[in-house]
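A quick write-up on the structure given underneath.
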Amino acid sequence: MRPPTLVALICAALLSTSCHDATAVVQLSEPSATFAPPKSGSLVVHVYWDNQGVPNKRVEVLELHLTAKTDDAGYARFDLPSGEYTVRAYDINRGGPSRDIDTRVTITAGKGSRIEIFDCLPCV
């Protein structure tokens, strides 16, 4: 039979080790689907006249308050969560005074959507 001090020493060592492991930070090897961010899709808005892009046109995704200006080729790009949105292009000419044009679009995760907006430059 072992002396009681040796048994007590072994129990104390085991208890100390198990308490230390109980406070360790647990790292998950794969993210949980519950905490996965929503997937997005892309939206390209092309404002054009006479087969050429119109630069510096303001485009907005109304529901998210996201705005962009078209680049030199007439394109504005957005990465959006899946859903339905209203896209507004400002100061578009279609004969008469320029106006804002609203277009509804559905964004699907992992897919791209495109909107073409005709802007008649000589129609001002």
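The values are calculated or read from the model by the stated rules, or taken from the named source; none is laboratory data. All figures in this text were calculated on a predicted structure; none of them were measured in a lab. Here Cβ is always computed from backbone atoms with ideal geometry, including for glycine, and neighbour counts include all displayed protein chains.
Structure data summary
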item	result
Single unsatisfied condition, S32 versus (1) modelled with pLDDT of 95 or more; (2) within 24 Å of the chain's Cα centre (by Cα)	(1)
Candidate set from the range 47-74 (those that are among the acidic types (D, E) and touching a residue at least 24 places away in the same chain (Cβ under 8 Å)); member that is surrounded by the fewest Cβ atoms within 10 Å (Cβ to Cβ)	D50
